[in-house]
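S.K.: Once you've had a glance at the structure underneath, I'll fire off some questions.
The values are calculated or read from the model by the stated rules, or taken from the named source; none is laboratory data. Only a predicted model underlies this, so the values are computations on that prediction, with no experimental measurement involved. Heads up, the Cβs are rebuilt from the backbone with ideal geometry, glycines too, and the neighbour counts pull from every protein chain shown.
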Amino acid sequence: MPFAYPLFLSLEGAHCLVAGLGEVGLRKLAGVLAAGVGSVLALEAASGGADPESAPEPRAARLLRDPRVRVERRACTATDIAPCRLVFAATNDSAENARIAALCRAARVLCNCASEPALGQFAVPAVARRGELCAALSTGGASPALSRSLRGDLENWLEPRAALAHFLGRLRPLVLAMKLDTRHNTQLFRKVAASPMGDWLAAGELDRCRRWLERELPPALAAEAIPLLESRPRTVPDGETHESC
């Protein structure tokens, strides 16, 4: 089964390459920028048509103006690939994509090949985000349309849980600072996660949350945890949000 191992990958400080700046390539570019990539080399073949930097579509122009992006009009080389964490072969020429994928295999760099997925080493799943919660879904390439439909269901499911995930993320360092044994910490986290706190946070019922924390947590921890209720989940920008090989 191809692409059977799911993985969330950090791109912080990493360098990536996107070859091809059509609709597919721009989606790939949006995805890595949203993931916090350090830098991106965006290549468009010299014969690829209009200058991508003058693309009239506002979103495309915004992506290409990002200071992390360097746009060049030329073919991809082995030297370009060597320093990359990920490479996206997304030109409108399947032979060129296959050539880039072969360079990546030789350099042992992970490649996503848009025109012939089996030539690459990873596929991009459908992604649903709500706050800091992120769920990825793939049909193994069987039906990207189904992935897009199910992504909406996932977003609805994540919505009321995002505030609880944010609260637990801020509570965690306070619990760990108590220097208690791992079993105690695990039980405490599970207790909060299984409580009605998620529904109350989603509904803005902070008084009920405060009362629960005062009742269920050690007093010193509750006193530190209650102010965290006022913090809201951060917004994570969308990148590529539907399954795409």
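S.K.: Go through (1) farther than 24 Å from ALA4 by Cα; (2) surrounded by 15 or more Cβ atoms within 10 Å (Cβ to Cβ); (3) not β-branched (Val, Ile, Thr) for ASN156 and report which single condition fails.
M.R.: (2)
S.K.: Under 6 Å between Cβ atoms, which residue pairs at least 6 apart in sequence (or on different chains) link something in the stretch 198-221 that is more than 22 Å from ALA162 (Cβ to Cβ) with a partner that is of a type outside the set (D, E, K, R) and surrounded by 14 or more Cβ atoms within 10 Å (Cβ to Cβ)?
M.R.: GLU214/ALA222
S.K.: When you look at ALA162, is it touching a strand residue (DSSP E or B) at 6+ places or on another chain (Cβ under 6 Å), at pLDDT 90 or above, surrounded by 13 or more Cβ atoms within 10 Å (Cβ to Cβ) and among the aliphatic types (A, V, I, L, M), yes or no?
M.R.: Details: touching a strand residue (DSSP E or B) at 6+ places or on another chain (Cβ under 6 Å): yes; at pLDDT 90 or above: yes; surrounded by 13 or more Cβ atoms within 10 Å (Cβ to Cβ): yes; among the aliphatic types (A, V, I, L, M): yes.
Considered against the rule, which asks whether it is touching a strand residue (DSSP E or B) at 6+ places or on another chain (Cβ under 6 Å), at pLDDT 90 or above, surrounded by 13 or more Cβ atoms within 10 Å (Cβ to Cβ) and among the aliphatic types (A, V, I, L, M), ALA162 comes out as yes.
S.K.: So, one more: In the stretch 94-122, how many are under 19 Å from ALA142 (Cβ atoms) and touching a helix residue (DSSP H, G or I) at 6+ places or on another chain (Cβ under 6 Å)?
M.R.: Looking only at that region, the number is 5.
S.K.: Residue by residue through the stretch 1-29, note down the ones that are out of contact with any helix residue (DSSP H, G or I) (no Cβ under 6 Å at 6 or more places or on another chain) and of a type in the set (Gly, Ala, Ser).
M.R.: ALA4, SER10, GLY13, ALA14, GLY20, GLY22, GLY25
S.K.: Okay, next question. Considering only the stretch 111-122, state which residues are buried (at least 17 other Cβ atoms within 10 Å of the Cβ) and either among the β-branched types (Val, Ile, Thr) or under 19 Å from LEU21 (Cα atoms) (or both).
M.R.: Listed by number, the residues that qualify are CYS111, ASN112, CYS113, ALA114, SER115, PRO117, GLY120.
S.K.: Would you be able to say whether some residue in the stretch 190-200 is in the same structural domain as ALA220 (by TED's automatic domain parsing), acidic (Asp, Glu) and farther than 30 Å from PRO218 by Cβ?
M.R.: Within the stretch 190-200 (the criterion being in the same structural domain as ALA220 (by TED's automatic domain parsing), acidic (Asp, Glu) and farther than 30 Å from PRO218 by Cβ), the answer is no, since none of the residues qualifies.
S.K.: In a helix (DSSP H, G or I) and not β-branched (Val, Ile, Thr) - does that describe any residue in the stretch 130-145?
M.R.: Just the residues of the stretch 130-145 that are in a helix (DSSP H, G or I), to begin with: 144-145.
Cutting the leftovers down to not β-branched (Val, Ile, Thr) gives us 144-145.
Within the stretch 130-145 (the criterion being in a helix (DSSP H, G or I) and not β-branched (Val, Ile, Thr)), the answer is yes, since at least one residue qualifies.
S.K.: Given the conditions (1) modelled with pLDDT of 95 or more; (2) loosely packed, with under 14 Cβ neighbours inside 10 Å, which single one is not true for ALA50?
M.R.: (1)
S.K.: For residues that are in a helix (DSSP H, G or I) and at pLDDT below 95, scanning just the stretch 78-118, find the one that is farthest from ALA162 (Cα to Cα).
M.R.: ALA118
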